[in-house]
Structure formats: structure tokens, C-alpha cells
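Peer 1: Structure below; questions to follow.
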Amino acid sequence: MVDASPMTGTEMMVELALIVAKILAIVVPLLIAVAYATLLDRKVWAMMQLRRGPNVVGIFGLLQPFADGLKLLTKETIIPAGANKGVFLLAPVLTFTLAMIAWAVIPFGDGLVLADINVGVLYLFAISSLGVYGIIMGGWASNSRYPFLGGLRSAAQMVSYEVSIGFVIITVLLCVGSLNLNDVVKAQEHVWFAIPLFPMFVVFFISALAETNRPPFDLPEAESELVAGYQIEYSSMSFALFMLGEYANMILMSAMTAILFLGGWQPISIFGLLDWIPGPIWFLGKIFAVLFVMCWVKATVPRYRYDQLMRLGWKVFLPLSLFWVVLTAGVLVGFGWLPVKG
């Protein structure tokens, strides 16, 4: 029998302090990355239009995100007279919180993960599914027409593309035989899933753009129609939390793309020349590459109409992803390649 003696008060405090330190080690760099993701977005857009972009605050404009954050922090929070105040203020907090807690299961290296759970993929899928509630709450609680329409659009859009994302993830899991994200990365030691599952890689990336309301699928906040969508009535830090949540979700979807299709922390082996680079650096580099493409798409692809958005999700991506699940399962069973996890 195992001696399961209870922990002393000191041991519990040390354990709690260790957990808090691990959380801060993820959250603090993530907040800095989110701030600079806004700068990256503006810089890439400026380069595509042959402009300089932010270049005044700090060297090369590197302090611009902190200046923007300070500006929003010092502004007055205005709550509309007819708004449901509790829900109105809770919505951006919920959106930002969900974008943060999803990182608990993201492995930055072999064993470098806050919560190494065996159902990490299900955890991520559940958290991303909850993200729509913050936007619906913000649109409804504003008690205004444009935010309400933006919230409805976003709900329909995010639910539609979650279906295809789910089938894409199932395709990857069939090849791995495990729901643990560490196992997903280790299964790509010899070949990235982006190569044999290339159509699903494309579907996942485009669905990630729709899931995060990024151009060309930024219909919930289409400026020409809904001004700013569900964010119209928000100001100061409540508006900033929505924006931070959006960019945090962008980085999260980039990390999921890297883990599911680009080998996570697995190095790119070029005759062994780059094997000395640590796994977490490879992982961060892949996240940056996917994030750069997201910003690139914003400057090059025109916005879809709403009927085109729904048609793409339900009539193209859903049948394609479902067919690929059946095809992958058939190939794995037919050739006896089904992975077995003991």
C-alpha cells in the first residue's frame, strides 16, 4: 500500500507558490506577446501598403503597444444608460480570461507544459467553444442594434467553423491515437502532419481565421456595415480586453496549428545543422510564422460577404473535412497503420 500522508501547511504553501510561479511564467510573456502582436499586425499591414507604420514611440515604434495600453487605461469607462451593467462589464473579462486559461495545456517543449492532461485536445476545443459567449453577452448587454447584430453574426460564424475544426482535429487524432498534445507532437518526429494531411492543414488555418474573426472573415465588426460590431459601445479597458482577447486567440490558434500540423517543438533538421536550437525556440518560431501569415492575409484578401462565409463553412469545409476523416480512417485501417497507445 502507498503511504498517502497529508501534506503539511508549509508543503502546501510551497506547492501553491510553485503553481503560481508557473502560471506567471506563461501569462506574463503571453501578455507581452499579445501587445507586440498588435504591433506586428500594424507593421505588416503598413509594409504591404508601402507605409512605415508606428515608428514614433520608442526605437522603431517598439513602445507603441505600451503607449496604446496606457492611453486606454487612463480613459473613462462609459456604460450606456440602457445597458445591463453586470453582463456588459463581464463580457470582455470572460473573453480575455478564456483566451488565457487555454494555454494551460499548450506544451512549449518536451514536458514543458503547465497541465499535462490526457485530454488536452478536448480541453482546448471546450475552451474555444466557450469563447463565443463573451461576444454574445457583449452584443446583447449593450442594448443597441449594431452590437446585437454583430454578436449574432459572430455566434453563427464561430459555431459554423467550429464544426470543421472539430473534424480536422479528429483526423489528426486518428493518426496519433491519443488526445495528449505531447503525443501529437511526438508523432510528427519523422514527418509533419501538414504534408500527408495538407488539405486539412489548409482548412484548419482558414477556419482559424474565421474562428478568431480575422480578415477576410471579420464580418462581426465590418466597419462599412456595423461600425465596430459588438464592440461599438465599449471604451477604455473594457474595449482593450476585447482586443487583447482577440490577439491572444490569434496566438493560441497559431500555437494549435504548430502543434497539430507543424511538429510543435520538433526541430527542422537540415543535415543536423540546426539541431542545437532548443525545442521551445522552434515552437515560438513556428507560432510567429503562422501569426505573420494571419497578418499577411489581412492586407491581401478582400472581405467575404456573409453568404459567402456561410457557404464556405457549411458547403465546402464541412463535407471536405468529413470526407477526409473517412478517408484517413479507411487508409489507417486498410494498411494496418492504426496507432496503439498502451
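Peer 1: To the nearest 20 debye, what is the magnitude of the charge dipole of the chain about its Cα centre, counting +1 on the Cβ of each Lys and Arg and -1 on the Cβ of each Asp and Glu? Mind dumping the intermediate values first?
Peer 2: Numbers: 19 positive and 20 negative charges, 199 e Å.
The calculated dipole for the chain is roughly 960 debye.
Peer 1: May I pose another question? Using R₀ = 41 Å, calculate the FRET efficiency as 1/(1 + (r/R₀)^6) where r is the Cβ-Cβ separation of M12 and V93; round to 0.05.
Peer 2: Details: r = 29 Å, r/R0 = 0.70.
For R0 = 41 Å, the calculated efficiency reads 0.90.
Peer 1: Consider the candidate values (1) 33, 22, 18; (2) 38, 24, 17; (3) 33, 27, 22; state which one is semi-axes √(5λ) of the Cα gyration tensor in Å computed from the structure displayed.
Peer 2: Derived directly from the coordinates: (3).
Peer 1: Run the numbers for L62 and I101: contour at 0.36 nm per residue of separation, minus the present Cα-Cα distance, in nm.
Peer 2: Numbers: separation 39, 0.36 × 39 = 14.04 nm, distance 2.70 nm.
Value of the extension gain: 11.3 nm.
Peer 1: On to the next question. Which FRET efficiency value, to the nearest 0.05, is calculated for N143 and A289 with the Förster distance at 41 angstrom and r the Cβ-Cβ distance? Working shown, then result.
Peer 2: Working: r = 42 Å, r/R0 = 1.03.
So, using R0 = 41 Å, E works out to roughly 0.45.
Peer 1: Could you sort 237-246, 329-338 so that the peptide with the highest average Cβ count within 10 Å comes first and the rest follow in order?
Peer 2: Numbers: 237-246: 21.2, 329-338: 11.2.
By packing density, highest mean first, the sequence is 237-246, 329-338.
Peer 1: Still on this model: Starting from 0.36 nm per residue, how many nanometres of slack lie between L130 and V163 once their C-alpha separation is accounted for?
Peer 2: Details: separation 33, 0.36 × 33 = 11.88 nm, distance 1.38 nm.
Between L130 and V163, full extension yields an extra 10.5 nm.
Peer 1: Quick one: if the Förster radius is 35 Å, what FRET efficiency do T74 and I26 give, using the C-beta to C-beta distance and rounding to 0.05? Let's see the in-between values first.
Peer 2: Details: r = 28 Å, r/R0 = 0.80.
For R0 = 35 Å, the calculated efficiency reads 0.80.
Peer 1: Under a point spin-label approximation (7 Å from Cα along Cα-to-Cβ), what is the W314-F198 distance to one decimal in nm?
Peer 2: 3.1 nm
Peer 1: Which of the peptides 301-313, 147-159 is most tightly packed, and how do the rest follow, judged by the mean count of other Cβ atoms within 10 Å per residue? Intermediate results must be reported in sequence, preceding the final value.
Peer 2: Working: 301-313: 14.8, 147-159: 21.0.
Highest-to-lowest ranking by the protection proxy: 147-159, 301-313.
Peer 1: For Y230, Y133, give the ranking by accessible area with the largest first, probe 1.4 Å.
Peer 2: On the way: Y230 10, Y133 125 Å².
Accessible-area ranking of Y230, Y133, largest first: Y133, Y230.
Peer 1: With θ set to phi - 60° and the Karplus curve 6.51 cos²θ - 1.76 cosθ + 1.60, what are the ³J(HN,Hα) couplings of region 317-332 in order, to the nearest whole Hz, using x for Gly and Pro?
Peer 2: Per-residue couplings from phi come out as 5, 5, x, 5, 5, 5, 4, 5, 4, 5, 5, 4, 4, x, 5, 5 Hz.
Peer 1: Student exercise: in the chain, how many lysine pairs 8 or more apart or on different chains have Cα atoms under 22 Å apart? Working shown, then result.
Peer 2: Details: K43/K71; K43/K286; K43/K298; K75/K85; K186/K286; K186/K341; K286/K298.
Eligible lysine pairs with Cα atoms under 22 Å apart amount to 7.
Peer 1: Something else about it: Counting alpha carbon pairs within less than 8 Å and at least 6 residues apart, what relative contact order, in whole percent, applies to the chain? Present the calculation step by step, with values, prior to reporting the outcome.
Peer 2: Numbers: 462 pairs, mean separation 77.7, N = 342.
Rounded, it is 23 percent for the chain.
Peer 1: Choose one of V176, L98, L70: the residue whose Cα lies farthest towards the positive end of the charge dipole of the chain (beta-carbon charges +1 Lys, Arg; -1 Asp, Glu; about the Cα centre).
Peer 2: The one lying farthest along the dipole's positive direction is L70.
Peer 1: Once you charge only the Cβ atoms, +1 for Lys and Arg and -1 for Asp and Glu, what is the size of the charge dipole of region 60-163 about its Cα centre, to the nearest 20 debye? Could you put the intermediate results ahead of the total?
Peer 2: Values: 5 positive and 5 negative charges, 104 e Å.
The dipole of region 60-163 has a size of about 500 debye.
Peer 1: Could you tell me the relative contact order of region 125-271? Use alpha-carbon pairs under 8 Å, at least six residues apart, and round to a whole percent. Mind dumping the intermediate values first?
Peer 2: Values: 162 pairs, mean separation 45.9, N = 147.
Answer for region 125-271 is 31 percent.
The values are calculated or read from the model by the stated rules, or taken from the named source; none is laboratory data. Note that the structure is a prediction, hence the values are computed from the model and not measured. So basically every Cβ, Gly included, is an ideal-geometry build from the backbone, and we count neighbours across all protein chains shown. Calculation scope for accessible area: heavy atoms of the full protein, side chains included, ligands and nucleic acids excluded. Shrake-Rupley method; radii C 1.70, N 1.55, O 1.52, S 1.80 Å.
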